[in-house]
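Asks: Input: one structure, supplied below.
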Amino acid sequence: MILWINGAFGAGKTSAAYELHRRLPNAFVYDPENAGYFIRKNSPESFSRGDFQDIPLWRKMNYEMLKLLKSQYDGIIIVPMTIVNKNYYDEIITKLISDGEAVKHFILYASKDTIVKRLKSRSIGRPDSFAVQAIDRCLKAFDTDITEIKIMTDDKSVDDVVTEIAQACNLNLTRGRRSGIRKFYDKVFAK
């Protein structure tokens with residue numbers, strides 16, 4: 001199964017993904033951003049400026065990589081990635097589903113105020129940052145274009161979100177045994 005965790009920057013995708021990884025035996029986190037970083041690092045700046053999702057190769061690489069992983073790996077693949085362009089969503093997620101892959105797609109949804117507050121706590125909440133500039137575009141897309149299972153995260157802990165995802169997928173989580181201090185450390189330093 002592929003668990004795609006979508007949402008605006010600051011909605012809690014990465015935190016939920018890594019908590020699921022810790023609590024699901026035989027799970028793997030696949031980060032599509034790494035394909036974008038690879039393209040940027042190995043291309044002239046004029047080619048790879050802007051959002052790497054706009055580069056068709058990025059979408060093809062992630063689709064192909066997820067297909068490969070599913071053919072070779074029997075566990076759960078967790079994909080924390082914001083994707084709001086419906087055409088791009090179709091090129092990756094809809095195509096995987098059409099190919100017979102079991103994909104569960106969740107949108108972690110929060111109010112703009114909550115997202116801005118979370119981004120500021122991570123020092124990326126400047127009004128001119130990419131993450132803040134993208135909030136309205138993300139929320140609009142999740143209200144109109146990509147509207148699958150939404151989990152409202154404004155007043156939920158990471159544990160609550162992870163439990164809701166697991167229940168929706170009929171997955172059994174191992175018991176979370178980390179202290180509050182360890183959870184804080186993992187959130188800030190370890191992924």
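Asks: Does Ile83 satisfy the criteria of being crowded, with 18+ Cβ neighbours inside 10 Å, in contact with a strand residue (DSSP E or B) (Cβ under 9 Å, 6 or more places away or on another chain) and at pLDDT 95 or above?
Replies: Yes, satisfied.
Asks: Which pairs have Cβ atoms under 8 Å, sit 6 or more apart or on different chains, and link a residue in segment 19-40 that is of a type in the set (Lys, Arg) to one that is surrounded by 17 or more Cβ atoms within 10 Å (Cβ to Cβ)?
Replies: If the second residue must be surrounded by 17 or more Cβ atoms within 10 Å (Cβ to Cβ), the pairs left are Arg23/Val162; Arg23/Leu173; Arg40/Ser48; Arg40/Phe52.
Asks: Quick one: in segment 57-115, of everything that is small (Gly, Ala, Ser) and free of Cβ contacts under 8 Å to residues at least 40 places away in the same chain, which residue is nearest to Ile146 (Cα to Cα)?
Replies: Among those that are small (Gly, Ala, Ser) and free of Cβ contacts under 8 Å to residues at least 40 places away in the same chain, it is Ser98.
Asks: Follow-up question, since we're still on this one. Looking at segment 1-51, which of its residues are among the basic types (Lys, Arg) and either over 17 Å from Phe130 (Cβ atoms) or more than 9 Å from the chain's Cα centre (by Cα) (or both)?
Replies: Residues satisfying the conditions are Arg22, Arg23, Arg40, Lys41, Arg49.
Asks: Taking Ile146 as the residue in question, decide whether it is β-branched (Val, Ile, Thr), farther than 19 Å from Leu20 by Cα and either in contact with a Gly (Cβ under 7 Å, 6 or more places away or on another chain) or surrounded by 15 or more Cβ atoms within 10 Å (Cβ to Cβ) (or both).
Replies: For Ile146, the condition - β-branched (Val, Ile, Thr), farther than 19 Å from Leu20 by Cα and either in contact with a Gly (Cβ under 7 Å, 6 or more places away or on another chain) or surrounded by 15 or more Cβ atoms within 10 Å (Cβ to Cβ) (or both) - is met.
Asks: Being modelled with pLDDT under 95 and under 19 Å from Glu164 (Cα atoms) narrows it down to one of Ser111, Ser129, so name that one.
Replies: Ser111
Asks: Just checking, which of Val116, Val132 is over 22 Å from Met1 (Cα atoms) and in contact with a Lys or Arg (Cβ under 7 Å, 6 or more places away or on another chain)?
Replies: Val132
Asks: Might you check whether a residue that is closer than 20 Å to Glu64 by Cβ, assigned to a loop (DSSP other than H, G, I, E, B) and either within 17 Å of the chain's Cα centre (by Cα) or not hydrophobic (A, V, I, L, M, F, W, C) (or both) occurs anywhere in segment 111-127?
Replies: no
Asks: Out of the residues in segment 150-175 that are of a type outside the set (D, E, K, R) and exposed (fewer than 13 other Cβ atoms within 10 Å of the Cβ), which is nearest to Glu19 (Cα to Cα)?
Replies: By that ranking, first place goes to Thr174.
Asks: Can you name every one of the strands (runs of 3 or more DSSP E) wholly within segment 1-96 that holds 3 or more residues which are closer than 30 Å to Lys117 by Cβ and either among the β-branched types (Val, Ile, Thr) or in contact with a helix residue (DSSP H, G or I) (Cβ under 9 Å, 6 or more places away or on another chain) (or both)?
Replies: 2-7, 76-80
Asks: State whether the residues of segment 81-91 include one that is within 17 Å of the chain's Cα centre (by Cα), under 16 Å from Cys138 (Cα atoms) and of a type in the set (Lys, Arg).
Replies: yes
Asks: Go through segment 141-170 and give me each residue that's part of a helix (DSSP H, G or I) and closer than 16 Å to Gly10 by Cβ.
Replies: Residues satisfying the conditions are Ala141, Phe142, Val158, Val161.
The values are calculated or read from the model by the stated rules, or taken from the named source; none is laboratory data. For clarity, every value in this text was computed on a predicted model and none was experimentally measured. Note: ideal-geometry Cβ built from the backbone for every residue, glycine included; neighbour counts use all protein chains shown.
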